[in-house]
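First comes the structure, then the notes that go with it.
The values are calculated or read from the model by the stated rules, or taken from the named source; none is laboratory data. Just so it is clear, the model here is predicted, and its values are computed rather than measured. Neighbour counts are summed over all protein chains in view; Cβ atoms, including those assigned to glycine, are modelled from backbone coordinates with ideal geometry.
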Amino acid sequence: MSSVFRKIHEAIIRRSVSGSASPKGLTVFETRPDIPLSDVMKLYERDPTCKSSVDLLSSATVGIGFYTTCNEEYERAEEAKEVVDKFNADVNLDGLLCDMARPLIACGNDFWLKLKPENLKDLHRLPIDAVEKSAR
């Protein structure tokens, strides 16, 4: 078989060995990043190019915040939407989303401590390097 036909044959019959589309694929991840996440945030704070790139991506991702909709066929749709929008405004959910987006884009994680389960107003951001490994 000529090399051209062999390459075509290999391309046609080759199966994926990894990737999100392959359920039998290998998952590759790092347990410890080469650069500490706290150093990544220092770079974000000090380097204008890094900061503007992260800010641009986070702004493009979250836009102006949450946009709520409601099924208009529901008889109390207007009231339900008002309740959700009031909750979002009371806890400043749009602001929290924007605050979370930057570390998520820069580091891949952002950790918050919620002291009162029923209250989203009392959230505290944890240092990015406070969590080393998640439990599974």
Output the qualifying pairs, or none if there are none: Cβ atoms under 8 angstrom, residues six or more apart or on different chains, first residue in region 97-124 and touching a residue at least 24 places away in the same chain (Cβ under 8 Å), second residue aliphatic (A, V, I, L, M) and surrounded by fewer than 15 Cβ atoms within 10 Å (Cβ to Cβ).
109/131; 123/113
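Any residue at all in region 3-12 that's touching a strand residue (DSSP E or B) at 6+ places or on another chain (Cβ under 9 Å), surrounded by 10 or more Cβ atoms within 10 Å (Cβ to Cβ) and at pLDDT below 70?
No, region 3-12 contains no residue that is touching a strand residue (DSSP E or B) at 6+ places or on another chain (Cβ under 9 Å), surrounded by 10 or more Cβ atoms within 10 Å (Cβ to Cβ) and at pLDDT below 70.
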Just checking, which of 45, 79, 75 is among the acidic types (Asp, Glu), assigned to a loop (DSSP other than H, G, I, E, B) and either modelled with pLDDT of 90 or more or in contact with an Asp or Glu (Cβ under 8 Å, 6 or more places away or on another chain) (or both)?
75
Here are some residues: 78, 45. Which one is over 29 Å from residue 119 (Cα atoms), among the charged types (D, E, K, R), surrounded by fewer than 13 Cβ atoms within 10 Å (Cβ to Cβ) and out of contact with any strand residue (DSSP E or B) (no Cβ under 8 Å at 6 or more places or on another chain)?
45
Residue in region 108-133 that is farthest from residue 41 (Cα to Cα), counting only those that are touching an Asp or Glu at 6+ places or on another chain (Cβ under 9 Å) and of a type in the set (Lys, Arg)
116
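Quick check: is even one residue across region 93-102 surrounded by 15 or more Cβ atoms within 10 Å (Cβ to Cβ), out of contact with any Gly (no Cβ under 6 Å at 6 or more places or on another chain) and at pLDDT below 85? Write out each step before concluding.
Keep residues of region 93-102 that are surrounded by 15 or more Cβ atoms within 10 Å (Cβ to Cβ), which gives 93-94, 96-102.
If we keep only those that are out of contact with any Gly (no Cβ under 6 Å at 6 or more places or on another chain) as well, we get 93, 96, 98-102.
Still in the running and at pLDDT below 85: none.
No, because not a single residue in region 93-102 is surrounded by 15 or more Cβ atoms within 10 Å (Cβ to Cβ), out of contact with any Gly (no Cβ under 6 Å at 6 or more places or on another chain) and at pLDDT below 85.
Quick one: in region 53-69, of everything that is more than 29 Å from residue 43 (Cβ to Cβ) and in contact (Cβ under 8 Å) with a residue 12 or more places away in the chain, which residue is farthest from the chain's Cα centre (by Cα)? Give the steps one after another, and end with the answer.
Within region 53-69, the first condition is being more than 29 Å from residue 43 (Cβ to Cβ), and the residues that meet it are 66-69.
Narrowing the set further to residues that are in contact (Cβ under 8 Å) with a residue 12 or more places away in the chain leaves 66, 68-69.
Details: 66: 15, 68: 20, 69: 22 Å.
So, considering only residues that are more than 29 Å from residue 43 (Cβ to Cβ) and in contact (Cβ under 8 Å) with a residue 12 or more places away in the chain, the one farthest from the chain's Cα centre (by Cα) is 69.
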